[in-house]
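The values are calculated or read from the model by the stated rules, or taken from the named source; none is laboratory data. This is a predicted model, so every value here is computed, not measured. Cβ coordinates were reconstructed from backbone atoms using ideal geometry, including for glycine residues, and neighbour counts include every protein chain displayed. The area values use the complete protein model at the heavy-atom level, side chains included, leaving out ligands, DNA and RNA. Shrake-Rupley method; radii C 1.70, N 1.55, O 1.52, S 1.80 Å.
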Amino acid sequence: MRERLSLWAVFCLVVAFLPSQTESVAVMSVDLGSEWMKIAIVKPGVPMEIVLNKESRRKTPVAVCLKENERLFGDSALGVAVKNPKVVYRFLQSILGKTADNPQVERYLKHFPEHQLHRDEKRGTVYFKFSEEMQYTPEELLGMILNYSRVLAQDFAEQPIKDAVITVPAYFNQAERRAVLQAANIAGLKVLQLINDNTAVALNYGVFRRKDINSTAQNVMFYDMGSGSTTATIVTYQTIKTKEAGTQPQLQIRGVGFDRTLGGFEIELRLRDHLAKLFNEQKKSKKDVRENLRAMAKLLKEAQRLKTVLSANADHTAQIEGLMDDIDFKAKVTRSEFEALCEDLFDRVPGPVKEALAASEMNMDEIEQVILVGGSTRVPRVQDVLLKAVGREELSKNINADEAAAMGAVYQAAALSKAFKVKPFLVRDAAVFPIQVEFNREAEEEDGVKTMKHNKRILFQRMAPYPQRKVITFNRYTDDFVFNINYGDLSFLSEQDLKVFGSQNLTTVKLSGVGSSFKKHSDAESKGIKAHFNMDESGVLLLDRVESVFETIVEEKEESTLTKLGNTISSLFGGGSSEPSANVSEPVTDEEEVPPETGKDQEQSEKQEETAQEKPVMEEGKEGEPQAEEQKDDKEDKAETQGETEAEKAEKPEEKSNGEKAAAEEEAADKKSKPQKKSKISEDVTVELEVNDVLIPSTEDIEVSKKKLQDLTDRDLEKQEREKTLNSLEAFIFETQDKLFQDEYLAVVTEEEKEQITGKLSEASSWMDEDGYAAGTKELKEKLSDLRKLCKAMFFRVEERKKWPDRLAALNGLLNHSTIFLKSARLIPEGDQIFTEVELKTLERVINETMTWKNETVAEQEKLSPTEKPVLLSKDIEAKLSLLDREVNYLLNKAKFAKPKPKDKAKDKSSNSTENNKANSTEDAEKVIPPKSDDAEKVKPAEEPPTEEKEEDTIPELNPADDTESTESSKSENHIGDEL
């Protein structure tokens, strides 16, 4: 029994020291909008949940306030924006990944003239300049906001978080996506994925309607009008079969249409300008309110409120106290006036719908329902115009318009995290902008003149699904060359959108080492230069590697039967090939070969191997499957060549002598005996990338940004620490001064002590009024520490006197129970006794020692004055309690798991023996079985342990956090000698 318990205790101890599976496994999502962000978390025991900020709100403004000595976020930053708009930065999304000459930058300055935007000469982007010391890029400011979002999530989850999924608009191009990733990197966040906000919404919708999805395709349109932009997305839901997880639901993005500048913020700006016009018309001031930045900030805040109210009311009165020069403003605005101001904006509402239908090659008849997303869809006029555009009687509102994206993104975060297991929901996102590879190659015309031809190969078509890998093979190069990665045909964008889009040239790729690879493998057949591309889960295009591939023919030695048998057995048990695998490239299983377009004849086909157009790369449902067309063509060409050679030999047999025939036959026999095998060799080609759209910051620049933000964080933490210490010092002074008038404190201090403490407290209070509020954290901590040391003895005496009654009562109660238990244990008959004499004497000794200590210490304490240091300490009482409790628990547990001696077996055996044996058995039985009397009742202790018979192999359920287990095991060790 003792051995089993010891093993169980060891098991519990090992489990206790195993790494916690729930430590720092929470993940988060950030629905990063232009004006608001919504944060969600998943942690063990808590499924998807929206994070509440410090104001207990479910959404937080994307705003940061940077003053000389403090930094504020969210609602606190917006509060400062009304008073001092120069130090508050918001709506940063529109200028991410933009060069200084982008129309979006000019538009931003028009909306926020209080800011100074300067050109970064190194990258061509912009940065905010408040002073010489305070200069921040949009990525750094966004990094601060993302770090703040993590702080909110960690406080809500009560554990560290580093993994996140962040939403971005579907229309973000490569530069904009990289900018968000840079901001997250600066913030120290590990981005599991950048997910398009429309995809996150579609995922949230599908997850909660999983049962409604079947093999029949269902097309749904999501119309999302937020604060800064509008997006229409067509999504197809259906179940598909997968090798890994069987039949699972899938969403596929089929079409996307967008308007970058159509949103609620533009409506609010129209209302703000209208209110400014009304104030100027009232002529209460000679100044133009539009030239007062602070007054315009107040008007913008009122316009935001007014837009919300007019969405539900026909008219409303706008009013602002002290708008400018202490002049109040009051004006009535009707919904009809509001709609007239934004008439041209409402005319743009159907635009994204038409673009999405065109991109998906569908019509509205194929769309089952149109679902509204985003706060600005609550404007009645927007809904009216949209209803006409989609030709429906009603619009669906069966989704949380504000939080759907955050909830969808956090579901994806849990799916990507290794700490959680979620039901699979396949997501096939789509690239909104096509990407192609362009290069120049020398071509020879029919008249022999050599010319340079510009070739294009489509890498990703418009609405091509991702994540996906592609391989492009260059067959005509034997030396170093250059190619470009650019956007494809963007004719579906308007002229204004093209200007905002920025550079259409992504990257120039310079390859070196191509010529040397051909020299190194001159005896091998070239299979071309292969460039491996990857559009990852975040929609970011990466050039993984470029390699020069060759193929050689190696002759295999004919293996003996024994060798073949050995290789077969080895392969069955997972053994690899016996041949060296160096430089042998594995077959591509998850990449697509981008095939050249076929020409009219063989010559034209060879010229157009790397041409401007691409055939349909893949059929639906075959994403990631490699194209085998090139390899097949090679085999056919070689087969044709070999066929021609043998035909020539057959046609001209008379030209060969007998010796030649014999040699040919011998050679053919050798070929049959030695089968040929093709081996591929790949040489990595050195790649130099030159970014053409927006330069990626260097590692040094990123580190500088990280340090800049860390310094601000340290400053914030220092400020918080100082404020905390200052508050603690103030509270300590006032609370202690008040305590010195309370009876329980007056009873334990002498007049001398009281005067000393009162004097120090008064001195500290005066210092606080004069210098304390300007003092540093270190000085404040020293003051607080000195006061605590001075009052420590007084507080200790008071606390001890408060604890005595409860602690002594508990000790007296345990002594009484222990004494009764000991008496009961000694009354157990010798035949049934389960406790050894040593165990009982040990308990008796502990009881006596504890009783003696208690009586002597209490008596000694009563002789002392309350102002003297006490000898009766609560910690000593607790130690005595623990020791006595351990002794009693040990004996109780021993009684609980003790197995009674067998009685019935003795009776069964006695029936088959002689009368003498019966007599002896009867006598033995009378010695074993105690008589039933009142004395037997007294044997039971105060808390009677269970007396049920236990099976030998039963392991008791023990809580690793319980002291019972460790007590028993340790006590067992103390009594090994007794049991022996």
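Structure above, values below:
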quantity	calculated
Approximate spin-label separation Gln369-Glu291, in nm, with each point projected 7 Å along Cα-to-Cβ	5.5
Length released on extending from Ile702 to Met134, taking residue separation times 0.36 nm less the Cα-Cα span	202.8 nm
Heavy atoms of Phe265: accessible area, 1.4 Å probe, square angstrom to 10	20
Rounded Å value of the spacing that divides the Cα centres of the range 345-382 and the range 496-538	39
All-pairs Cα distance distribution in the range 317-356, expressed in whole percent, bin size 10 Å	24, 27, 25, 17, 8, 0
Those GluC sites (Glu not before Pro) in the range 405-477 that DSSP places in a loop and that have at most 16 other beta carbons within 10 Å	Glu445, Glu446
Listed pairs Lys38/Lys307; Lys43/Lys894; Lys54/Lys110; Lys423/Lys530; Lys778/Lys803; Lys129/Lys307 exceeding 30 Å between Cα atoms	Lys43/Lys894; Lys54/Lys110; Lys423/Lys530; Lys778/Lys803; Lys129/Lys307
Cα-only Debye scattering, the range 396-489: base-10 log of I(q)/I(0) at q = 0.11, 0.16, 0.21 Å⁻¹	-0.59, -0.87, -1.11
Base-10 log of normalised Debye intensity for the range 154-238 (one unit scatterer per alpha-carbon) at q = 0.11, 0.14, 0.15, 0.27 Å⁻¹	-0.43, -0.66, -0.73, -1.25
Computed log₁₀ I(q)/I(0) - Debye formula, equal Cα scatterers, no solvent, the range 59-116, q 0.30 Å⁻¹	-1.19
Ratio Rg/Rh, restricted to the range 744-887 and using Cα atoms, in which Rh is the Kirkwood radius	1.25
Peptide ranges 59-70, 170-181, 724-735 listed from the most packed, as the mean C-beta count within 10 angstrom indicates	170-181, 59-70, 724-735
Charge-dipole axis of the range 189-330 as Lys and Arg at +1 and Asp and Glu at -1 on Cβ define it, positive-most pick from Met296, Ser311, His274	Ser311
The range 234-328 pair-distance distribution - Cα-Cα, 5 Å bins, rounded %	3, 11, 17, 14, 10, 7, 6, 5, 6, 6, 6, 5, 3, 2, 1, 0
Angstrom value of the Kirkwood radius, inverse mean 1/r, which spans all Cα pairs in the range 800-854	12.6
The range 309-448, Cα convex hull volume normalised per residue, Å³	352
Ala217-Ala731 pseudo-label distance in nm [points 7 Å out on the Cα-to-Cβ vector]	6.3
Phi to ³J(HN,Hα) by Karplus 6.51 cos²θ - 1.76 cosθ + 1.60 over the range 410-417, Hz, x for Gly, Pro	6, 5, 5, 4, 5, 5, 7, 6
